[in-house]
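Enquirer: Can you read through this structure? Questions will come right after.
The values are calculated or read from the model by the stated rules, or taken from the named source; none is laboratory data. In this text the structure is predicted, and so the values were computed from the model without any measurement. We place every Cβ from the backbone using ideal geometry, glycine too, and count neighbours over all the protein chains shown. Quick note on the areas: whole protein, heavy atoms, side chains included, nothing else; ligands and nucleic acids left out. Shrake-Rupley method; radii C 1.70, N 1.55, O 1.52, S 1.80 Å.
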Amino acid sequence: MVFSDEDKAVIKNDYEEKQWTAYRICTEHPTKKWHKTSVQNLINRFKQYGSMDRRPGSGRLRTVTTPENEALIDDLICSQEDNPGTHLSPREIEKYTGIKRSSVIRMVKRNGYKQYKRLKTPRVNSATKQRRAERAATLAERFGKSKRSIERCVWQDEKDFTLEVPFNSQNSRVYGKGKKSDVPDKNLFHQKNKQSKKVMVSACVSWYGATKPFFVSDDGMKVNAVSYQKHLDKQLIPEINNLVSRKDWVYIQDSAPSHRSNLVQGYLKEKLRKRFVKSNEWPPASPDCNLLDYHFWDKVKVKVYENRFNEPFENEKQLKRRIKRVWNEMASDVVEIRKALKQFVPRLKQVAEKEGNCIKMTFK
C-alpha cells in the first residue's frame, strides 16, 4: 500500500503523540481505508530507523532491470531513425534477449514510453506531396483573406455504406470461462458476407447547415461523369440554392475521377463560372482537408452501425432509413458544423507548412 507524505505525518503524530496502536489509527481514519498491517509496518520502520521513509537501496535487488538491459530495451523498442517498422514488440524482445516480457514492459514504462496505435493515411510520393503543399497554400490564401470567405464555401463528398456491419477484430473481444472451444459459436464467430450490398451517399455541408443525403448509387455501382453531372444539375445545385441564402457560394469537391472529368468541370464552369474549386486546384490525396471527410463521415458511420454488433441490415431500405436519421441529427447541429469548418483554412496552412505530409495528429 502506498502512503503519501501527508498520510505518514498523520500516522506518525497519532503514534507518537497519542500513543495509538495501528488498529486504532485505522479505525479513527475510516475514509483513508488503510490496512492495519501496512500501518504497523510503517510504525515498525519508524521505531527501528527513526523515519517512515523508505531507506535508499532497500528492497529486492535488481537482477534483470539493470542500466545495461534498460539501454538495450530502449534501443529495441523504438524503430531506427528514418526506418519505420524496425522496432521489436515486447514478445519479440523476450525471444531475442531472454528477458521476460513482463520485465521488458516494466522497463519500457519506466523509461517513459507509451503505446500508440498506428494511424492510416494515404500513401503519397514526393511529387504528390509537393502538389499537395502548393495547392493547399494557394487555397489557404484564397479562402483566408477574410473571415467571411469561409461562409461562402459549400463542401461535397460521397461515402459508401454496406449492409454488413464493419468488423474490427482488434476491438472485438469475447470473454468466457474454460476453453475457447467452449464459447458458443454465435458469440465467437463473426459471419462476414464478402458480397454484401452497399449504397453510396452524397451530401453537401456549408456554414448554413447541410443538405439532405442523396443516394446516388446502389449495390456498389460506381458514380461516373454522366451520372454525377446529372446529380449536380438535378439535385445538388438546387438543394444548395435552397440551403444557402447568398448567391456567391463556392463549390468545393475532391479530385475523384467523376469530379475531375472534363464533362463535370465544363458543366461547373458554365453553371458557376469561377465559383468552384477546379480539379487542378484541389490538393491531391487530401481527405484531411475536406470537411465531410475530417468531420462527418466517420461520426455518421459509427452512429449508423451503433449497437448492431453482428446484426447486418436486412435490406437497402432499412440501411437508407438509418443513414437519413443519423445524418439529419448531425446536420441539425449548425454550431458544431461551423466549429468544424473553421478548421478548413488552418488545415490548408498546416499541410503547406508540413510540405504535404499528413496532419492527422495536428487536428483531432
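Enquirer: Calculated FRET efficiency, residue 102 and residue 66, Cβ-Cβ r, R0 25 Å, to nearest 0.05?
Expert: Values: r = 16 Å, r/R0 = 0.63.
With R0 = 25 Å, the Cβ-Cβ based efficiency is 0.95.
Enquirer: Do any chymotrypsin sites (Phe, Trp or Tyr not before Pro) in region 98-150 lie in a DSSP loop with no more than 16 other beta carbon atoms within 10 Å, and if so, which?
Expert: Within region 98-150, the qualifying chymotrypsin sites (Phe, Trp or Tyr not before Pro) (loop, at most 16 other Cβ atoms within 10 Å) are 113, 116.
Enquirer: With r defined as the distance between the Cβ atoms of residue 51 and residue 87 and R0 fixed at 41 Å, what FRET efficiency is calculated, to the nearest 0.05?
Expert: Calculated value: 0.45.
Enquirer: Right, something else. Just to be sure I understand: if I project the alpha-carbon convex hull of region 67-111 onto a plane and average over all orientations, what area do I get in nm²? Walk me through the numbers before you get to the answer.
Expert: On the way: hull surface 11.9 nm².
Answer in nm², one decimal: 3.0.
Enquirer: Moving on. Hey, rough spin-label estimate for residue 111 and residue 37, points 7 angstrom out along Cα→Cβ, what's it come to in nanometres?
Expert: Going by the 7 Å Cα→Cβ label model, 3.5 nm.
Enquirer: Relative to a virtual label point 7 Å from the Cα of residue 121 in the Cα→beta-carbon direction, which members of region 271-290 show backbone nitrogen distances below 19 Å?
Expert: The answer is 283-290, whose backbone nitrogens lie closer than 19 Å to the label point.
Enquirer: Using a Förster distance of 51 Å, how high is the FRET efficiency between residue 269 and residue 321, based on the Cβ-Cβ distance and rounded to 0.05?
Expert: Working: r = 37 Å, r/R0 = 0.73.
For residue 269 and residue 321, the calculated efficiency is 0.85.
Enquirer: Follow-up question, since we're still on this one. Explain nothing, just the number: relative contact order of region 181-326, from Cα pairs under 8 Å at least 6 residues apart, as a whole percent.
Expert: Values: 119 pairs, mean separation 29.4, N = 146.
Once divided by the residue count of region 181-326, the mean separation gives 20 percent.
Enquirer: Quick check: at a probe of 1.4 Å, how many percent of the accessible area of the chain sits on carbon and sulfur atoms?
Expert: 47
Enquirer: Length gain on complete extension for the stretch residue 303 to residue 198, per 0.36 nm per residue less the alpha carbon to alpha carbon distance?
Expert: 36.1 nm
Enquirer: Over the chain, calculate the relative contact order: mean separation of alpha carbon pairs under 8 Å at least 6 apart, over the residue count, as a percent.
Expert: RCO, the chain: 19 percent.
Enquirer: What does the accessible area of residue 200 come to, in Å² to the nearest 10, when a probe of 1.4 Å is used?
Expert: Here the accessible area works out near 30 Å².
Enquirer: If each of residue 334 and residue 27 carries a label point 7 Å out from its Cα toward its Cβ, how far apart are those two points in nm?
Expert: Each label point is offset 7 Å from its Cα along the Cβ direction, giving 6.8 nm.
Enquirer: Another question, then. Under a 10 Å cutoff between Cα atoms, tell me which one of 318, 48, 253 has the largest fluctuation in the Gaussian network model of the chain.
Expert: 48
Enquirer: Could I ask something else about it? Tell me the label-point distance for the pair residue 230, residue 1, using the 7 Å Cα-to-Cβ offset, in nm and rounded to one decimal.
Expert: It is 7.6 nm.
Enquirer: Under Stokes-Einstein, with the Kirkwood radius over Cα pairs standing in for Rh, what whole-number D in µm²/s applies to region 17-158 at 10 °C and 1.306 mPa s?
Expert: In µm²/s, the coefficient is 71.
Enquirer: Then there is this: How would you classify region 219-301 from its alpha-carbon gyration tensor, with a ≥ b ≥ c the square roots of the eigenvalues: rounded for a/c under 1.5, else prolate if a/b is greater than b/c, otherwise oblate?
Expert: Since a/c stays below 1.5, the shape of region 219-301 is classed as rounded.
Enquirer: If you keep only loop residues by DSSP, which trypsin sites (Lys or Arg not before Pro) in region 241-274 have at most 10 other Cβ atoms within 10 Å of their Cβ?
Expert: Details: sites: 246, 247, 260, 269, 271, 273, 274; in loops: 246, 247, 260, 273, 274.
Those satisfying the criteria are 247, 273, 274.
Enquirer: Something else about it: Could you work out the per residue convex hull volume over the alpha carbons of the chain, in cubic angstrom?
Expert: In the chain, the Cα convex hull volume per residue is 257 Å³.
Enquirer: Still on this model: Please compare each pair in 145/247; 299/354; 100/120; 147/247; 129/212; 159/198 to a cut-off of 22 Å on the Cα-Cα distance and tell me which ones are over it.
Expert: 299/354; 100/120; 129/212
Enquirer: Here is a further query. Restricting things to alpha carbons, find the Rg to Rh ratio for region 5-49 using the Kirkwood radius for Rh. Mind dumping the intermediate values first?
Expert: Values: Rg = 9.4 Å, Rh = 10.3 Å.
Here the Rg-to-Rh quotient is 0.91.
Enquirer: Highest GNM mean-square fluctuation, the chain, Cα pairs closer than 10 Å: which of 73, 43, 252?
Expert: Checking each option, the largest mean-square fluctuation is seen for 43.
Enquirer: List, in order, the whole-Hz ³J(HN,Hα) value for each residue of region 279-296 obtained from phi through the Karplus relation with A = 6.51, B = -1.76, C = 1.60 and θ = phi - 60°; use x for Gly and Pro.
Expert: 5, 8, 10, 7, x, x, 6, 10, x, 6, 10, 8, 3, 5, 6, 8, 10, 8
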